[in-house]
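What follows is a single structure, written as structure tokens, with notes after it.
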Amino acid sequence: MTPQFLRYEAARFRGMARVANRESSKLRLLAMATDYDARAEIADDMTKPMPEEATPSGPSPKLEEAVKRLTELDQGGALLVEPNGRTAREPKEASLVERRPLGRQR
């Protein structure tokens, strides 16, 4: 979504809040408008070109660390699966059930 679209939506939610009858609806719509404004600010920051001096040569260390943490499996926090109760050793056999006629009896 472009920053212009996000700002347009924020203005639309503010307009809806002005005409809303219930206070809870007004608050919800204003919160949505604030959220869209914040998203527009973030989108603006991402689309701004960086100055030549500040352009990093590679990924930032913070980004590399975040990606590393997300991609590595943490063995200390791994879930241990332990069966509770009995486990089926052989598949259950299917049984046929007599079908009842549909509709009303005559």
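With respect to (1) assigned to a helix (DSSP H, G or I); (2) exposed (fewer than 13 other Cβ atoms within 10 Å of the Cβ); (3) not β-branched (V, I, T), the lone exception for K26 is condition (2). Please determine whether any residue of the stretch 67-74 is at pLDDT below 70 and surrounded by 10 or more Cβ atoms within 10 Å (Cβ to Cβ). Scanning the stretch 67-74 turns up at least one residue that is at pLDDT below 70 and surrounded by 10 or more Cβ atoms within 10 Å (Cβ to Cβ).
The values are calculated or read from the model by the stated rules, or taken from the named source; none is laboratory data. These numbers come from a predicted model, not from an experiment. Please note: Cβ atoms are built from the backbone with ideal geometry, for glycine as well, and neighbour counts cover all protein chains shown.
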